[in-house]
Amino acid sequence: MEKREIIALNLVKEINIKDLLFYIENFESIEHISNSKIGKDFNQRFNKSKLFDFKNEYLDKAEQQISLAEDHDTRIITIKDRDYPKLLSNISNPPPVLYCKGKLNSSDEVSISIVGTRKATNYGRLVVEKFVKQLVENKVIITSGLAYGIDSYAHDMTIKNNGLTYAVIASGIDKISTDRSIKLAQKIIENDGCIISSYPFGINALPPYFISRNRIISGISKATIVVESDTKGGSLWTAKFAVEQNRDLFAVPGNIFESKSKGTNNLIESNMAIPAINVEQILKHIGFSRINDSNDNKLINFKNLEEEKVYNFLSFSPKHIDEIAHGLSMSIMEVQVTLLTLEFNSLVRQLPGNQFIRNIN
């Protein structure tokens with residue numbers, strides 16, 4: 001079946017994915033379908049007498065989509081194309097058509113999805129930073145959903161570490177909704193990543209589309225990591241699909257008193273997800289035999305004892321400057337000067353409210 005015919009059939013809302021995949025696999029053309037009992041029954045059931053005619057309005061709409069794709073520097077990839085993602089093609093009822101803006105890499109490349117709440121905590125962001133840095137070092141593509149919070153932070157950190165990232169969206173390529181998301185999408189493309197959608201040009205995002213989007217995020221990935229999630233949230237749909245698709249699912253354990261960790265902790269408690277303790281554990285589990293880590297045996301050279309004391313007192317849980325001074329029996333002035341030096345050397349990070357943590361190196 002020609003690409004434009006597959007695109008045309010994909011635009012017919014009365015045809016579900018399962019039936020469309022059947023048509024693509026078993027018929028040579030729309031004309032072939034129209035001459036079959038299946039096509040005639042469909043037309044009668046939905047009062048679409050001209051749907052399966054060789055010349056019909058949906059073929060015209062398909063041509064418009066092809067033209068729009070050229071205008072937006074976007075590729076339309078169908079399930080029959082060689083560059084359709086191999087992992088995605090193996091799920092139940094994969095999307096028959098993908099709109100891809102940017103560079104979709106070889107199917108041999110490993111993608112891991114990182115998803116989570118829109119209301120990320122400092123802890124969640126730190127986990128994303130550490131995980132993304134090490135995953136990128138191991139040539140892993142980071143896939144997420146372009147949403148505010150954990151998703152967009154995963155994209156940002158991947159770009160910061162010169163990695164490749166895919167963003168799967170719940171609208172047409174031309175209908176990304178917020179200015180921030182539009183700018184991030186452009187950064188992803190400029191850094192050899194890809195924006196992926198199963199929706200045609202002109203389609204705005206609707207709530208049900210995000211669930212379908214999440215199914216693609218897990219389907220295109222070797223594994224999914226849920227960083228933070230409450231007991232309800234879109235990332236739990238991604239987790240559910242990952243399990244259904246027989247993909248490895250990891251969840252980052254969190255504070256039992258923090259609502260943003262309730263969903264991830266529940267995934268672990270119910271044995272749906274493996275606790276995500278570190279990147280080495282994740283990569284070993286999915287079959288990496290050799291793991292790169294630039295932090296292996298990395299020594300920190302302190303200029304004086306105060307720097308070493310302050311650094312060792314800090315952790316990845318924020319500490320107020322007063323707590324540091326009291327805990328180390330140092331004056332506020334001494335602590336301020338030492339923290340400034342450590343921060344200048346990228347060993348310490350200041351958070352709002354005069355709180356400090358170790359930096360992710």
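Of note:
- With a requirement of 2 or more residues that are among the hydroxyl-bearing types (Ser, Thr, Tyr), the strands (runs of 3 or more DSSP E) lying completely within segment 76-165 that satisfy it span 111-115, 141-144.
Yes/no per residue for (1) modelled with pLDDT of 90 or more; (2) surrounded by 12 or more Cβ atoms within 10 Å (Cβ to Cβ); (3) not assigned by TED's automatic domain parsing to the domain that holds Val127:
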residue	(1), (2), (3)
Phe313	yes, yes, yes
Phe316	no, yes, yes
Met330	yes, yes, yes
Pro352	no, no, yes
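- Lone qualifier among Ser229, Ser235, Ser198 - being out of contact with any Gly (no Cβ under 6 Å at 6 or more places or on another chain), in contact (Cβ under 8 Å) with a residue 40 or more places away in the chain and of a type in the set (S, T, N, Q): Ser198
One line per residue, one yes/no per condition, for (1) touching a helix residue (DSSP H, G or I) at 6+ places or on another chain (Cβ under 9 Å); (2) of a type outside the set (S, T, N, Q):
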{"residue": "Asn105", "(1), (2)": "no, no"}
{"residue": "Tyr123", "(1), (2)": "yes, yes"}
{"residue": "Leu135", "(1), (2)": "yes, yes"}
{"residue": "Ala154", "(1), (2)": "yes, yes"}
{"residue": "Thr158", "(1), (2)": "yes, no"}
{"residue": "Ser171", "(1), (2)": "yes, no"}
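- For segment 131-164, residues that are crowded, with 24+ Cβ neighbours inside 10 Å, closer than 21 Å to Ile291 by Cα and not small (Gly, Ala, Ser) total 7.
- Flag for Lys232 being in the same structural domain as Ala273 (by TED's automatic domain parsing), of a type in the set (D, E, K, R) and modelled with pLDDT under 95: yes
- Counted residues, segment 214-249 - those being farther than 30 Å from Val97 by Cβ and not in a loop (DSSP other than H, G, I, E, B): 0
- One residue stands out in segment 165-201 among those that are aromatic (Phe, Trp, Tyr) and surrounded by fewer than 24 Cβ atoms within 10 Å (Cβ to Cβ): the one that is farthest from Arg213 (Cα to Cα), namely Phe201.
The values are calculated or read from the model by the stated rules, or taken from the named source; none is laboratory data. This structure is a prediction, so every number in the text was calculated from the model and none was measured. Ideal geometry is used to build each Cβ from the backbone, glycine not excepted, and the neighbour counts take in all protein chains shown.
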